[in-house]
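Heads up, the thing below is written out as structure tokens.
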Amino acid sequence: MTRIDGRTPEQARPITIETNFVRTAAGSCLISTGNTRVICTASVEEGVPPFLRGKGQGWVTAEYAMLPGSTTTRKKRDGIKKDGRSVEIQRLIGRSLRQAVDLTKLGERTITLDCDVLEADGGTRTASITGAMVALTLAVEKLMREGKLVWSPIIHQVAAVSVGVVDDVPCCDLCYQEDSRAQVDMNLVMNEKGEFIELQGTGEGRAFTAEELGSLLTYGKKGIEDLMAAQKAALGDAARYICAKPPLVVASGNLNKIRELQHIFGDYYTVVPMKAAGFNGDIDETATTFEGNAAIKAETVCAATGLPTLADDSGLSVDALDGEPGVYSARYAMLNDEGEGDADNNSLLLRRMKGRTRRGCAFECAIALARPGEETLVAYGSCPGVLLEELRGTGGFGYDPLFLYEPLGKTFAEVTDEEKNAISHRARACEKMLAIMKEIHEC
């Protein structure tokens, strides 16, 4: 069968999505599926409806309207009371998009999705759902940029398409001429896992068979996969906020450490600095071991934020100095009234090592993972090296310019980030911690 617009039965109409179509909205797009065109906007308001106040969660709702020129015969504007069809569709859009969001992560704010049909040629409700997903994501991106959200509340990608039986042939994405004479009319709303959020099917002209239903579902699934690819292409970098990785707080204010941990754990988690998670207090590191201090930091921030927290405690241990500076590496000079910071720490270490021939040393690191209501887990890693008699290299931080990693013949201040993250004490501890975390997840 060749359809009136030349498509094959399983083929959806061409789709285009123009993002940020309305500059004043928190998120917006113009979505076109064939000749159907819908403006979708997302507005964010602080506060929630009365039935949700004080419950610590947000709300996603929708409104739908067909503009007067959207059909060949002028469509009257909705008055105070919307027509029944518009009410039904906007409820469908709201239900569908609430499935995309973890409302507890949204906070007590409301996102309203307005879908206004510019031109109707069939499939306006499904185009509205697909476009509203894009507008919603852009609104979340804006909230993230403004620091109003720490992590994305979008847990699913959602899209929708119409299918139906026309002239006894199952077809995907019906235009108006097909829809107006379809024997079977069906709308599918699905998430990225291929699960159904809503399935509306009616035998308008006749009943339909299980075989026809199978064809409609197959065509619809493929159509939605294509729509989701178009959504992500239109969103570009903002697509990362869809099905974002679980949050993992880092109990540190050291930007260098945070960057290293983001590089190592970023493929599995959304790594969030403790200040971004709302922790601005001080932590007393009273333990005498790396493992003990890492656990103190992780547990303190986890208790304050209620989120899984990763903390590391690391430092340089020098053989000839019986393990100094050890757990006091960051405060080595300050504790000895010799100044403060990396330069003073390095100067003090060089003076104490002057004339010594035994120059073996090791960077050591303990990584602790604290989880609400669970036992704290700790992993340890070390990297042996040689302490130089003068600084070499301009990269890294701390004692990196003095630490020679012999297999590469470079100091940690001379290696690339990729090289360091493959061999460092922190990388080795993190590798062990990742294995532990994967095992926990599998269990």
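The values are calculated or read from the model by the stated rules, or taken from the named source; none is laboratory data. All values reported here derive from a predicted model rather than from experimental measurement. Note that each Cβ is placed from the backbone with ideal geometry, even for glycine, and that neighbours are counted across all protein chains shown.
Per-residue answers, yes or no, for (1) within 22 Å of Val158 (Cβ to Cβ); (2) assigned to a loop (DSSP other than H, G, I, E, B); (3) in contact (Cβ under 8 Å) with a residue 12 or more places away in the chain:
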| position | (1), (2), (3) |
| --- | --- |
| Tyr64 | yes, no, yes |
| Thr73 | no, yes, no |
| Lys82 | no, yes, yes |
| Gln90 | yes, no, yes |
| Leu97 | yes, no, yes |
| Thr104 | yes, no, yes |
| Ile111 | yes, no, yes |
| Asp114 | yes, no, yes |
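Does Pro401 satisfy the condition of being within 20 Å of Gly253 (Cβ to Cβ), assigned by TED's automatic domain parsing to the domain that holds Gly278 and buried (at least 17 other Cβ atoms within 10 Å of the Cβ)? Spell out the reasoning first.
On the way: within 20 Å of Gly253 (Cβ to Cβ): no; assigned by TED's automatic domain parsing to the domain that holds Gly278: yes; buried (at least 17 other Cβ atoms within 10 Å of the Cβ): yes.
In short, no.
Looking at region 264-302 only, could you name the residues that are of a type in the set (Ser, Thr, Tyr) and in a loop (DSSP other than H, G, I, E, B)?
Residues satisfying the conditions are Tyr268, Tyr269, Thr286, Thr288, Thr289.
Of the residues Ala427, Ala413, which single one is under 17 Å from Arg259 (Cβ atoms), buried (at least 17 other Cβ atoms within 10 Å of the Cβ) and free of Cβ contacts under 8 Å to residues at least 40 places away in the same chain?
After ruling out the rest, the residue left standing is Ala413.
Among the residues of region 34-41, is any closer than 25 Å to His156 by Cα, in contact with an Asp or Glu (Cβ under 7 Å, 6 or more places away or on another chain), assigned by TED's automatic domain parsing to the domain that holds Leu149 and of a type in the set (Lys, Arg)?
yes
Which of the residues that make up region 116-145 are farther than 20 Å from Asp226 by Cα, over 15 Å from the mean Cα position of the chain (by Cα) and not in a strand (DSSP E or B)?
Within region 116-145, Ala120 is the sole residue that qualifies.
Looking at region 171-211 only, could you name the residues that are closer than 16 Å to Thr126 by Cα, out of contact with any Gly (no Cβ under 7 Å at 6 or more places or on another chain) and among the aliphatic types (A, V, I, L, M)?
Matches in region 171-211: Val189, Met190, Ile197, Leu199.
If you go through region 26-47 one residue at a time, do you hit one that is exposed (fewer than 12 other Cβ atoms within 10 Å of the Cβ), part of a loop (DSSP other than H, G, I, E, B) and among the charged types (D, E, K, R)?
Within region 26-47, not a single residue is exposed (fewer than 12 other Cβ atoms within 10 Å of the Cβ), part of a loop (DSSP other than H, G, I, E, B) and among the charged types (D, E, K, R).
Quick check on this structure: which one of Lys75, Lys81, Lys55, Lys105 is within 30 Å of Val166 (Cβ to Cβ), among the basic types (Lys, Arg) and at pLDDT below 95?
Numbers: Lys81 fails: within 30 Å of Val166 (Cβ to Cβ); Lys55 fails: within 30 Å of Val166 (Cβ to Cβ); Lys105 fails: within 30 Å of Val166 (Cβ to Cβ).
Sole residue among the options that is within 30 Å of Val166 (Cβ to Cβ), among the basic types (Lys, Arg) and at pLDDT below 95: Lys75.
Only one residue in Ser329, Ser317 is in contact (Cβ under 8 Å) with a residue 40 or more places away in the chain and touching a Cys at 6+ places or on another chain (Cβ under 8 Å), so which one is that?
None of the others qualify; the one that does is Ser317.
State which residue is farthest from the chain's Cα centre (by Cα) when the search covers only region 252-287 and only residues that are β-branched (Val, Ile, Thr) and surrounded by 14 or more Cβ atoms within 10 Å (Cβ to Cβ).
Ile283
For (1) under 39 Å from the mean Cα position of the chain (by Cα); (2) at pLDDT 95 or above; (3) in a helix (DSSP H, G or I); (4) buried (at least 19 other Cβ atoms within 10 Å of the Cβ), each residue gets a yes or a no:
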{"residue": "Ala304", "(1), (2), (3), (4)": "yes, no, yes, no"}
{"residue": "Leu307", "(1), (2), (3), (4)": "yes, no, no, yes"}
{"residue": "Ser317", "(1), (2), (3), (4)": "yes, yes, no, yes"}
{"residue": "Ala320", "(1), (2), (3), (4)": "no, yes, yes, no"}
{"residue": "Met334", "(1), (2), (3), (4)": "no, no, yes, no"}
{"residue": "Gly339", "(1), (2), (3), (4)": "no, no, no, no"}
{"residue": "Ser347", "(1), (2), (3), (4)": "no, yes, yes, no"}
{"residue": "Leu350", "(1), (2), (3), (4)": "no, yes, yes, no"}
